[in-house]
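Colleague: To start, I am sharing the structure in question, which I have written as structure tokens.
The values are calculated or read from the model by the stated rules, or taken from the named source; none is laboratory data. Computed from a predicted structure; not experimentally measured. When we count neighbours, we look across all protein chains shown, and the Cβ atoms used for this are built from the backbone with ideal geometry, even at glycine. What goes into the accessible areas is simple: the full protein's heavy atoms, side chains included, and nothing from ligands, DNA or RNA. Shrake-Rupley method; radii C 1.70, N 1.55, O 1.52, S 1.80 Å.
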Amino acid sequence: MQNFLRARGLLGAALLSACIAQPALAAQCGNSGGGFENWKQEFAQEARGRVGERGIDALMSTKYNTATISADRGQKSFHLSLDAFMAKRGANGIVARGRQLKQTHAALFNSIQSRFGVPPGPLLAIWGMETGFGAVHGNQHALSAVATLAYDCRRSDYFTDQLYSALHLIDRGALSPSARGSMHGEIGQTQFLPKNIQQYGMGGNLDNSAAALMATANFLHAHGWRAGAGYQPGEANFSAIQEWNAASVYEQAIAIIGKRIDGGDN
């Protein structure tokens, strides 16, 4: 009987220990702004120990961004035909300006291609498509945009990773808590999300065009880019372009515009 009671006691202690060891429930996502402030409190509790006080303070200053939610729900241009999408994005203008920049920044592009194997065309296509060669970076509070999407139920897991990366960058002083970016929190000349800044940014200031282009080439190289191989649909390097953006028309547009810049096709 004593052995039985002792066994029961040990089992109970083990169960209690297991329960205590279980992580807290994840912060509850939502589909409207009503729960955002509570979610921030829950997320901050989970993040303590993984994120420093500077990151936590930045998180607590974020606001629910309705413009980000509207943009995330309404990406209608990605449903256009390829021709309509390219016309809407100003493909001919990107090609013309891209050819000029390829000449005026020849030393930079030669250096990038030598290091990463990525020719100027797709980099210029991405730069032109993302920000009009630096003309439009976006004016959203980047951390609020990322936090809003981490809270929103549609893609909470994906943007929770992005939010942790943003908070770690803030902790290190590599990202300002007040940084401005595009609707989804993308930052810099070629629009990097926080996790990509961590992984491929190479410590550069991505508001600087040379640093941003270097980081973009690093991203493509890390996703399998092979020097000298083609990058049109069906060719070896197109899969690296697909990693940059999930929209089929966007991927094809980068490939086509890049080829026109690289090859001089009309």
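Colleague: Using only Cα atoms, find the angle between the long axis of helix 106-116 and the longest principal axis of the chain, and express it within 0 to 90 degrees, rounded to the nearest 10.
Modeller: The helix 106-116 is inclined about 50 degrees to the chain.
Colleague: Counting other Cβ atoms within 10 Å of each Cβ, which GluC sites (Glu not before Pro) in the range 209-252 have at most 16 and sit in a DSSP loop?
Modeller: GLU235
Colleague: Here's something else I'd like to know. Measuring with a 1.4 Å probe in the full set of protein chains, what accessible area per residue, in whole Å², belongs to the range 88-215?
Modeller: Spelled out: the 1.4 Å probe surface of the range 88-215, per residue, equals 40 Å².
Colleague: Out of the total accessible area of the chain (probe 1.4 Å, heavy atoms of protein only), what percent is carbon and sulfur?
Modeller: Carbon and sulfur together cover 51 percent of it.
Colleague: For a quick check, take a GNM of the chain with Cα springs below 10 Å and name the residue from ALA211, ALA240, ALA26 with the largest mean-square fluctuation.
Modeller: Among ALA211, ALA240, ALA26, the largest GNM mean-square fluctuation belongs to ALA26.
Colleague: Right, here's the next one. Taking the 0 to 90 degree range and rounding to the nearest ten, how far is the long axis of helix 36-47 tilted relative to the main principal axis of the chain, both from C-alpha atoms?
Modeller: Value to nearest ten degrees: 80.
Colleague: Return the lysines within reach of LYS102: Cα separation strictly under 28 angstrom, same-chain partners fewer than 8 residues apart disregarded; answer none if there are no such residues.
Modeller: Filter leaves LYS88, LYS259.
Colleague: Here is a follow-up. Straight-line reach only, C-alpha to C-alpha below 17 angstrom: list the aspartates and glutamates that LYS195 could link to, leaving out same-chain residues fewer than 8 apart.
Modeller: Output for LYS195: ASP157, ASP161, ASP171, GLU186, ASP207, GLU243.
Colleague: Oh, and also: More than 35 Å apart: what percent of Cα pairs in the chain qualify?
Modeller: That fraction is 28 percent.
Colleague: Taking the alpha carbon gyration tensor of the range 137-193, what are the square roots of 5 times its eigenvalues, largest first, to the nearest whole Å?
Modeller: 17, 14, 9
Colleague: Springs between alpha-carbon atoms under 10 Å, Gaussian network over the chain: tell me which of HIS221, HIS105, HIS141 tops the mean-square fluctuations.
Modeller: Checking each option, the largest mean-square fluctuation is seen for HIS105.
Colleague: Per residue and in Å³, how big is the convex hull formed by the alpha-carbon atoms of the range 85-155?
Modeller: Taking the convex hull of the Cα positions in the range 85-155, it is 141 Å³ per residue.
Colleague: So how strong a dipole does the range 26-112 carry about its Cα centre when Lys and Arg Cβ are +1 and Asp and Glu Cβ are -1, to the nearest 20 debye?
Modeller: 520 debye
Colleague: If a paramagnetic tag sat 7 Å from the Cα of LEU82 along the Cα-Cβ line, which residues of the range 208-250 would have the backbone N under 12 Å from that point?
Modeller: 232-235, 248-250
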